[in-house]
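Q: I am attaching a structure below and will ask some questions about it afterwards.
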Amino acid sequence: MLKYLIIQLDDTSTSFCHYNNDRMTGNLIPIEILKEAIFWSMKENLTIQFLYPDYELPEEYKSAIASTFHADIVSSTCEDLPLRDNADVVVFDTFDNISDFQFNDKQSYAIRTMLSRLLKNANMLHAILPKVNRMNVIITDIASIKGEWENKYAEFLEKLGNKVLEEYKKGHYLQINLLTDRLLLDNMNNCNAGNESITICPDGKFYACPAFYSDKDVSYSIGDLATGLNIKNPQLYKISHAPICRICDAFQCKRCVWLNRKNTLEVNTPSHEQCVVSHIERNASRKLLSKLREIGSFLPGKEIPQLDYVDPIEKLLS
Amino acid sequence: MDKIKKSDKGWKNGAAKSITFIVTKDCQLACKYCYLVGKNEEERMSWDIAKKAIDYILSRETEFPEESVIWDFIGGEPFLEIDLIDKICDYIKKEMYRLNHHWFNSYRFSFSTNGINYDTEKVQSFINKNRNHLSVGITIDGTKKKHDLNRIWKGSGPEKGSYADVVRNIPLWLSQFPHGATKVTISSADIPYIKESVLHLYSLGIHEVNINCVFEDVWHEGDDNLLEEQLISLADEIIEKRLYNDYACSFFMERLGKPLDCVKDNSNWCGAGKMLSIDAAGNFYPCTRFAQYSLRDKKAWIIGNVNDGIDYNKLRPFLTLDRCTQSTEECINCDVAEGCAWCQGENYDAADTPTIFQRATAICKMHKARVRANNYYWNKLFHQLESEGKQELYETLSYKKTEEPC
């Protein structure tokens, strides 16, 4: 069941997820389409998330956006500073100057980074943790994480877990998607693009998510405002029709349907690397849970069992 | 003594690795029902590509752990490239020996041919050289009328059927492969000729006729009833003349037309993904049906190439496919689901999105007609055997039906 509508306001709007938005030329969504999309989402009872470009929007856009409940997602480089300072989510594409940013505990933050840069800047991330309540780290090159990088990632998460532990000891119960989401989940909590959320882009068309607009290799729309939503094979976006994911307990995994389509040619099938990365995170969460319990009672009854695989396809094929 | 001939389950019971060389996309014929929409004379495999493919496969025993292998050659018409095939097979044998490969002495070379070049010196020389490791199937569709309805020579001008050019090679083929089976394809136009065609093939000495309706959406109103009539008439003839002793027709199977369970009976029908196909460009496919020349509307599903190897991520969907995930609720709940076949390539080509997880159902009413005729066949046969005091014959064929249909 649909719950969210993402409105990408401009071709250059920030990416907040695994995909890269390489469009450099501004192309603002027509105001009529924006108003129509807002109207449609109100009728469908959807929560809107706006993806902003870096430049300041015209006043008529601001007033249209202000006419409905919504969440704002902006880049850390957004020139509209009042918007940036009050946005629900601020996205960083780089660690440059991140230490100078004025974080606050009301906003959520996302860092999009390649794994090598994340490892190189681990100390910067550690330094931010005391300042935030919610941090999403999004690795943009999951497909290339193999071999020694798997071990490096596990080591990074172990150290990050120790930093999180220090914060919890201080009574600062921050959330960081890579480690704490799995602690709190009992079921899959994936992105659910195409199932719970859809996107409308500046061309007036619906997409499963903004990645299917940005990435020309896999781009396809699922209808438009004029003719309506037309998701073909909608079952394939659901966990029930994802043979690997439905038997998996890496509940924090984004289960990115765009990455799936790109790497395995099917929206319902994750790559091996996606599964391994998610299991490294899951197993790091398991270790963190154990350490948290050494400092006090924490989530009684919650267990993350030990597994003998890092890719659930092994379980499926055994 | 009475017996019931069963269909051959294939060499090594279908458990061998199947590796297919698409040696050419050319064929002398232009069969009307052929699913190869992109046949052409240009895409012929080079020795360099073939050798790279063999080297890649044979140097990775752990990636290909199957006990046995079937080296399959397909076209177009494979025997158009008999020189290349001969070189490929010699190299495979030499390399398997040199590497002490676990497939040495557990391999087959397999061909499905239109039979036109079968008696040529080069083909015969190849057959004699590889006789002990060879299976060859010649496709003949039945009577001259039925065969020539679809299997015509390519080229402009008046249509010219190929029956005479094939049937002349059947005796030679059967002398070399006495258990040779033929594959008959049924599309809408040739339904009226099914019975006479199967009987004709039996009369030619072919004891096993593998026959199937095309999976594409070609069926017209009433085709199901016509199919049922043909098969019931064929059933009467087979039983009356006791042809079931020595001849098999795959339309009639014991395990057909029962409900299926989503837990116990959830296997995929098709072996796509467990096979490997290589084309002239050196691209790897999960099955020949995913090469571009086989696809009407979709992009080829390439899973790697001879230079970079197999991209196993692109195989993952095939390895995880099960019956119920790709089926509609109607198919899942169908009372006669058992034996209803599908082709993964046709599913992909006909799907609303580029997916292998949407089952094409164009064959639905034809399957149901087949089930009705099949029920009639076995009921009549069992009754006849029982009345003759030969119950033990059919009791060996009985099996438990699904106890908890989903």
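Q: Looking at the stretch B:11-249, what % of its DSSP beta bridges pair antiparallel, to the nearest 5?
A: Details: 3 of 27 bridges.
If I count the DSSP bridges inside the stretch B:11-249, around 10 percent turn out antiparallel.
Q: Could you tell me how many degrees, from 0 to 90 and to the nearest 10, lie between the Cα long axis of helix B:47-58 and the main elongation axis, the longest principal axis, of the Cα atoms of chain B?
A: It is inclined by approximately 70 degrees.
Q: How far apart, in nanometres, would the label points at residue B:131 and residue A:31 be if each is projected 7 angstrom from Cα along the Cα-to-Cβ direction?
A: In this crude spin-label approximation the distance works out to 8.8 nm.
Q: Okay, moving on. Across the stretch A:79-87, in residue order, what do the Karplus-derived ³J(HN,Hα) couplings come to in whole Hz, using 6.51 cos²θ - 1.76 cosθ + 1.60 with θ = phi - 60° and x for Gly and Pro?
A: In residue order, the calculated couplings are 7, 7, 5, x, 5, 4, 6, 10, 5 Hz.
Q: Give me Rg over Rh for the stretch B:183-249, both radii from the alpha carbons and Rh done the Kirkwood way, two decimal places. It would help to have the intermediate numbers written out before the result.
A: Details: Rg = 12.2 Å, Rh = 12.4 Å.
Radius of gyration over Kirkwood radius for the stretch B:183-249 works out to 0.98.
Q: Then there is this: Which angle between 0 and 90 degrees, to the nearest 10, do you get for helix B:121-130 versus the longest principal axis of chain B when only C-alpha atoms count?
A: Value to nearest ten degrees: 80.
Q: Are there trypsin sites (Lys or Arg not before Pro) in the stretch B:35-107 that DSSP puts in a loop and that have at most 15 other Cβ atoms within 10 Å, and which ones?
A: Counting only loop positions with at most 15 other Cβ atoms within 10 Å, the trypsin sites (Lys or Arg not before Pro) in the stretch B:35-107 are B:60.
Q: State, in angstrom, two size descriptors of the protein assembly as shown derived from its alpha carbons: Rg to one decimal place and Dmax to the nearest whole number.
A: 30.6, 95
Q: Can you list the equivalent-ellipsoid semi-axes of the stretch A:105-151, largest first and in whole Å, using the square root of 5 times each Cα gyration tensor eigenvalue? Walk me through the numbers before you get to the answer.
A: Values: eigenvalues 108, 28, 10 Å².
They are 23, 12, 7 Å, listed from largest to smallest.
Q: Taking a cut-off of 16 Å, what percent of all Cα-Cα pairs in the stretch B:152-206 are separated by more than that?
A: 55 percent
Q: Counting only DSSP beta bridges with both residues in the stretch A:4-184, what percent are antiparallel, rounded to the nearest 5?
A: 5 percent
Q: Any chance you could tell me what percent of the C-alpha pair distances in the stretch B:72-133 go past 13 Å?
A: On the way: 1200 of 1891 pairs.
Above the 13 Å cut-off, the stretch B:72-133 has 63 percent of its Cα pairs.
Q: Sticking with this one: Add -39500 (n - 2.57) for each DSSP H run of 4 or more in the protein assembly as shown, then divide by its residues: what number comes out at 222 nm, to the nearest 500 deg cm²/dmol?
A: Estimated from H runs of four or more residues: -9500 deg cm²/dmol.
Q: May I pose another question? With only Lys, Arg, Asp and Glu charged, each at its Cβ (+1 for the first two, -1 for the last two), find how big the charge dipole of chain B is about the Cα centre; round to the nearest 20 debye.
A: The calculated dipole for chain B is roughly 760 debye.
Q: Give me the Å³ per residue figure for the convex hull around the C-alpha atoms of the stretch A:141-277.
A: On the way: hull volume 17.8 nm³, N = 137.
For the stretch A:141-277, the hull spanned by Cα atoms encloses 130 Å³ per residue.
Q: Let me ask something else about it. Counting only C-alpha contacts under 8 Å and six or more residues apart, can you give the relative contact order of chain B as a whole percent?
A: Here the relative contact order equals 18 percent.
Q: Compute the normalised compactness of the stretch B:228-364: alpha-carbon radius of gyration over 2.2 N^0.38 Å, N being the residue count.
A: Normalised Cα radius of gyration, the stretch B:228-364: 1.28.
Q: Mark the label point 7 Å from the Cα of residue B:98 along Cα→Cβ and return the residues of the stretch B:34-78 whose backbone N is within less than 17 Å of it.
A: B:47-61
Q: Restrict the search to the stretch A:272-318; then list the GluC sites (Glu not before Pro) that DSSP places in a loop and that have at most 14 other Cβ atoms within 10 Å of their Cβ. Could the numbers behind the result be given before it?
A: Numbers: sites: A:273, A:281, A:294, A:303, A:314; in loops: A:303.
Those that pass, being in a loop and sparsely packed, are A:303.
Q: Binning at 5 angstrom from zero up to the longest distance, how are the C-alpha pair distances of the stretch B:11-249 distributed in percent?
A: Whole-percent P(r) values from 0 Å outward: 1, 6, 12, 16, 17, 16, 13, 9, 6, 3, 1, 0.
Q: Which of A:106/A:159; A:146/B:51; A:120/A:254; A:106/A:146; A:262/B:258 have a Cα-Cα distance over 28 Å?
A: Going by Cα-Cα distance, A:146/B:51; A:106/A:146; A:262/B:258 fall outside the 28 Å limit.
Q: Return the Rg/Rh ratio of chain A with Cα-based radii and a Kirkwood Rh. Display every interim value, and only then the final one.
A: Values: Rg = 19.7 Å, Rh = 20.5 Å.
Reported Rg/Rh (Cα atoms, Kirkwood Rh): 0.96.
Q: While we're here: Counting each pair of different Cα atoms once, what's the Kirkwood radius of the stretch A:4-184 in Å, rounded to one decimal?
A: Hydrodynamic radius (Kirkwood, Cα only) of the stretch A:4-184 equals 17.7 Å.
Q: Under 16 Å Cα-Cα from residue A:232, which lysines qualify once same-chain neighbours fewer than 8 residues away are excluded?
A: A:205, B:298
Q: Taking 0.36 nm per residue of separation and subtracting the Cα-Cα distance, what length does fully extending residue A:42 through residue A:23 add?
A: Details: separation 19, 0.36 × 19 = 6.84 nm, distance 2.93 nm.
Computed gain between residue A:42 and residue A:23 is 3.9 nm.
Q: Going 7 Å from the Cα of residue B:266 in the Cα-to-Cβ direction, what parts of the stretch B:340-381 have a backbone nitrogen less than 12 Å from that spot?
A: Within reach of a label on residue B:266: no residues.
Q: Using a Förster distance of 35 Å, how high is the FRET efficiency between residue A:62 and residue B:307, based on the Cβ-Cβ distance and rounded to 0.05?
A: Efficiency, from the Cβ-Cβ distance: 0.05.
Q: Please give the charge dipole size of the stretch B:276-362, origin at the Cα centre, charges +1 on K and R Cβ atoms and -1 on D and E Cβ atoms. Round to the nearest 20 debye.
A: Approximately 300 debye in magnitude.
Q: When the distances between all Cα atoms of the stretch B:1-151 are binned every 5 Å from zero, what whole-number percent does each bin get?
A: 2, 8, 16, 19, 18, 16, 10, 6, 3, 1, 0
Q: Sticking with this structure for a sec: Give the value in nm², to one decimal: projected area of the alpha carbon convex hull of chain B, averaged over all directions. Walk me through the numbers before you get to the answer.
A: Values: hull surface 81.7 nm².
If you wrap the Cα atoms of chain B in a convex hull and average its projections, you get 20.4 nm².
Q: Right, next: Given +1 on the Cβ of Lys and Arg, -1 on the Cβ of Asp and Glu, and no further charges, what dipole in debye does the stretch A:138-294 carry about its Cα centre, rounded to the nearest 20?
A: I would put it at about 300 debye.
Q: Still on this structure, please answer the following. Working from Cα positions, state the angle (0 to 90°, nearest 10) between the long axis of helix A:148-169 and the longest principal axis of chain A.
A: For helix A:148-169, the angle is close to 90 degrees.
Q: Just flag the trypsin sites (Lys or Arg not before Pro) in the stretch B:257-340 sitting in loop per DSSP whose Cβ has no more than 14 other Cβ atoms within 10 Å.
A: Answer in residue order: B:264, B:296, B:299.
Q: Follow-up. Using a basic spin-label model with each label point 7 Å from the Cα along Cα→Cβ, how many nm lie between residue B:183 and residue A:106?
A: According to this spin-label approximation, the distance is 6.9 nm.
Q: Enter the per residue convex hull volume of the stretch B:82-169, computed from alpha-carbon coordinates, in Å³ rounded to the nearest integer.
A: On the way: hull volume 10.0 nm³, N = 88.
So the per-residue Cα hull volume is 113 Å³.
Q: Please report Rg (one decimal) and Dmax (integer) in Å for the Cα set of the stretch A:167-244.
A: Radius of gyration, then largest Cα-Cα span, for the stretch A:167-244: 17.1, 54 Å.
Q: Additional query: Need one number: % antiparallel among DSSP beta bridges in chain A, to the nearest 5.
A: Values: 6 of 34 bridges.
In chain A, DSSP labels about 20 percent of beta bridges as antiparallel.
Q: In the stretch B:276-362, with Lys and Arg counted as +1 and Asp and Glu as -1 at Cβ, which of these residues, B:281, B:318, B:334, has the Cα nearest the positive end of the dipole, that is, farthest along it?
A: Positive-end residue among those listed: B:281.
Bear in mind that the values in this text are calculations on the coordinates, not laboratory data. Note that this is a predicted model, so its numbers are computed, not measured. Heads up, the Cβs are rebuilt from the backbone with ideal geometry, glycines too, and the neighbour counts pull from every protein chain shown.
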